[in-house]
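One structure is given here, and the rest of the page talks about it.
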Amino acid sequence: MDTSIEPSPPAALPSSEPVARVVLKPRKARPFFGRHPWVLDSAVDRVDGPAADGDVVDLFTDQGKFIARGVYNSQSRIRVRLYTWKAGESLDENFWRARLQAAAGLRAQHGFDDRGQAARLVSSEGDRLSGLVVERYADQLVLQVTAKSMAVRLPLLIPMLQELWQPRGITLRTEREMNKAEGLSLKEGTIVGDVPEGPVFFTEHGVRYGVDLQAGQKTGFFLDQRDNRRAAASYARDRRVLDVCCYTGGFSIAAAALGGAHEVLGIDSSAKAIAVARAHAELNSQTRVQFEEADAFQKLENLYQQRELFGLVIVDPPKFARTRQHVEEAMRAYHQLNRLAVNVLEPGGILVTCSCSGHVTREDFMFTLAEVSERTGRDIQILETRGAAPDHPVNASCLESEYLKCLVCRVG
Ligand code: SAH
């Protein structure tokens with residue numbers, strides 16, 4: 001038979017059927033029956049079979065009872081990521097397509113399929129696709145792969161993403177730390193289609209923003225804060241607003257454009273972020289918004305010394321607790337930053353305070369506010385307890401996916 005006319009075989013993909021059994025140590029099985037998707041190396045007793053990184057494996061108790069099916073990675077502390085609790089379900093093309101379709105369906109139901117806007121289309125554990133994040137900015141997709149399981153399946157997943165969302169281009173974003181933690185060698189950049197040189201513009205609650213997806217000027221956007229920006233803006237009318245750690249100006253511009261703030265000052269330590277924030281103010285013809293490159297702690301201290309007061313202060317610092325070991329240190333930083341913020345709030349002013357550290361619980365974060373109240377002698381009333389927007393669903397079995405806390409408070 002002449003095989004020369006046969007199409008070339010697809011790039012070798014990892015198995016969709018289990019090639020090995022991962023057996024847990026005694027008394028380690030409970031969280032995985034509880035559908036937590038991360039099996040840490042410390043819980044694993046042994047691997048029976050020839051599992052290569054990225055292969056499908058089954059998880060068993062030390063007593064030989066099946067728990068779940070997932071993907072193996074010897075290079076990660078998360079030794080197995082679990083994807084299904086149905087015995088015998090293949091992790092084949094249909095399986096991954098169905099998961100992506102479910103994510104797409106949820107977005108469509110909530111109105112996130114508007115191509116003039118931006119949305120998170122796939123949110124890792126929140127969409128039962130641990131290790132994959134997909135965001136859409138207008139007609140461009142941006143992918144973040146944080147697990148070997150997804151990295152090795154990209155040749156399978158990318159055509160599905162194209163089919164589902166028909167983007168003009170797809171860009172891959174990587175983080176060096178993540179590549180290291182999972183043993184990935186992914187390279188950042190355009191994967192398919194056209195990605196423009198300049199910014200890609202989109203609308204959020206009627207406000208215009210741009211993100212630059214190409215290396216050089218690269219900027220990102222925090223879509224999880226979308227509805228919190230609008231909520232904060234609703235307290236801004238005729239007030240003097242301070243936006244601490246403003247990044248590219250989202251809360252600031254929303255406060256002016258949607259909220260009718262009297263004036264807004266946004267501060268951030270990144271010169272690049274401030275330059276984009278100024279461009280965003282101009283894009284939305286907002287002349288009452290000023291931005292300044294400054295250290296948050298220093299600037300708040302200076303404003304306090306100068307007896308400057310604001311009616312609304314927004315505090316949205318970066319992740320202070322990168323690991324569980326950093327929680328105590330992070331709590332001190334949250335305390336200090338919020339105390340400084342309260343010091344520049346007029347009586348009856350509004351504090352919108354955020355934490356995106358997954359290791360700091362909502363309760364811990366509220367406790368910080370109680371301590372701030374004690375230290376400053378100001379009463380703090382929590383008016384709204386908020387989280388990430390609904391295109392960032394939280395997996396009830398993996399509370400690490402509930403990382404964003406946003407509290408709207410009145411400070412007496
Ligand atoms: N509120 C923003 C997102 C904030 S991200 C939005 O809605 O888009 C956190 C920001 O904190 C980053 O832009 C980072 O540059 C800034 N940052 C980190 N440390 C800082 C410091 N010590 N002082 C001021 N800004 C800081």
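Considering the range 291-320, and only residues there that are in a strand (DSSP E or B) and within 15 Å of the ligand (Cβ to nearest atom), the residue that is surrounded by the most Cβ atoms within 10 Å (Cβ to Cβ) turns out to be Ile314.
Could you say which residue among Gln140, Gln144, Gln166 is touching a Gly at 6+ places or on another chain (Cβ under 6 Å), under 27 Å from Val207 (Cα atoms) and outside the structural domain of Asn73 (by TED's automatic domain parsing)? Before you say what the answer is, go through the steps one by one.
Numbers: Gln144 fails: touching a Gly at 6+ places or on another chain (Cβ under 6 Å); Gln166 fails: touching a Gly at 6+ places or on another chain (Cβ under 6 Å).
Exactly one of Gln140, Gln144, Gln166 is touching a Gly at 6+ places or on another chain (Cβ under 6 Å), under 27 Å from Val207 (Cα atoms) and outside the structural domain of Asn73 (by TED's automatic domain parsing), namely Gln140.
Of the strands (runs of 3 or more DSSP E) lying entirely inside the range 165-283, those carrying at least 3 residues that are within 16 Å of Gln117 (Cβ to Cβ), away from the ligand (no atom under 13 Å from the Cβ) and in contact (Cβ under 8 Å) with a residue 40 or more places away in the chain are 199-204.
Name every residue in the range 386-412 that is of a type in the set (A, V, I, L, M) and part of a loop (DSSP other than H, G, I, E, B), in order of residue number. If the condition is that a residue be of a type in the set (A, V, I, L, M) and part of a loop (DSSP other than H, G, I, E, B), then Ala388, Ala389, Val394, Ala396, Leu404 are the ones that fit. Scanning for something open to solvent by 60 Å² or more (accessible area, probe 1.4 Å) and part of a helix (DSSP H, G or I), does the range 373-385 turn up at least one residue? Within the range 373-385, one or more residues are open to solvent by 60 Å² or more (accessible area, probe 1.4 Å) and part of a helix (DSSP H, G or I). Could you list, in sequence order, all residues of the range 355-372 that are in contact with a helix residue (DSSP H, G or I) (Cβ under 7 Å, 6 or more places away or on another chain) and open to solvent by 10 Å² or more (accessible area, probe 1.4 Å)? If the condition is that a residue be in contact with a helix residue (DSSP H, G or I) (Cβ under 7 Å, 6 or more places away or on another chain) and open to solvent by 10 Å² or more (accessible area, probe 1.4 Å), then Gly358, His359, Asp364, Glu371 are the ones that fit.
Within this structure, Leu100 fails the test of being open to solvent by less than 50 Å² (accessible area, probe 1.4 Å), modelled with pLDDT of 95 or more, outside any loop (DSSP other than H, G, I, E, B) and in contact with a Gly (Cβ under 7 Å, 6 or more places away or on another chain).
Candidates are the residues of the range 146-175 that are modelled with pLDDT of 95 or more and basic (Lys, Arg); the one that is farthest from Gly126 (Cα to Cα) is Arg168. Of the residues making up the range 322-359, those that are in contact with a strand residue (DSSP E or B) (Cβ under 9 Å, 6 or more places away or on another chain) and assigned to a loop (DSSP other than H, G, I, E, B) are Val344, Cys356, Ser357.
The values are calculated or read from the model by the stated rules, or taken from the named source; none is laboratory data. No experiment lies behind these values; they were computed from the predicted model shown. Positions of Cβ are generated from backbone atoms using ideal geometry, with glycine treated the same way; all protein chains shown enter the neighbour counts. Accessible surface areas use protein heavy atoms only, side chains included; no ligands, DNA or RNA. Shrake-Rupley method; radii C 1.70, N 1.55, O 1.52, S 1.80 Å.
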